Amino acid sequence: MTSVLELMELLRADPDDRGLRTAALLRRSHPFDKELQIAGLVHRLASLLRLSDGAVTVGVAAESIRPLLGERVARLVRLQAPHRRTDEPAGHRAGGDADAVATLRQARDAAAAAGLDAGVLEDWQPLLELVAAGAACRAGSPGNALDPLGSSRGSSGPYQGAPGPRTVPGSPVATSSPGRSP
């Protein structure tokens, strides 16, 4: 996947709106976890992607969205698969996202029931773009970039980008506010 528009086209091809319903349930239950909501929206991507031999894997789907939507969304999509076979427990591989994986699975299962009005795919495009911008920011932006999802990078304090002490011309003393003289 190289763009949100390409992803939207692929999602439009899904005859089932379970991804929309899953995302809508997650939006209600976890309104501040945008990446979890997007993982719910795209969790059925494996069924839309076909390899040359006709096989479809959740791992391939997760890897296809990693460059666009980031590591966490890809990990959630990979780990939510109902029939994952691995020697490691899902909680261990999920790291700090074990609760998010469990929540995604519950929402996915609940979304299988018909009747939930989930809106339309176009309603999700701004959030897809926001998550994609955040993933791009985390992947390659150096310095003190501010992630569109709200987490700052390159700064240990809450006042990232705030001006430091100001030196008044002609004086060796620094002041902390403009207009104040030593």
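Highest mean first, what order results for 58-67, 30-39 on Cβ atoms within 10 Å?
On the way: 58-67: 18.7, 30-39: 21.0.
The packing order, highest mean first, is 30-39, 58-67.
Give me a comma-separated list of calculated 3J(HN,Hα) values for segment 40-48, in order, Karplus coefficients 6.51, -1.76, 1.60 applied at θ = phi - 60°, integers in Hz, x for any Gly or Pro.
x, 5, 9, 4, 8, 4, 4, 6, 9
Using θ = phi - 60° and the Karplus relation 6.51 cos²θ - 1.76 cosθ + 1.60, list the HN-Hα couplings for segment 26-35 in order, rounded to whole Hz, with x at every Gly or Pro.
5, 4, 6, 7, 9, x, 9, 9, 5, 5
Any read-out appearing in this document is the output of simple, stated calculations on the displayed coordinates, not a laboratory observation. Predicted model only: the values in this text are computed from it and were never measured. So basically every Cβ, Gly included, is an ideal-geometry build from the backbone, and we count neighbours across all protein chains shown.
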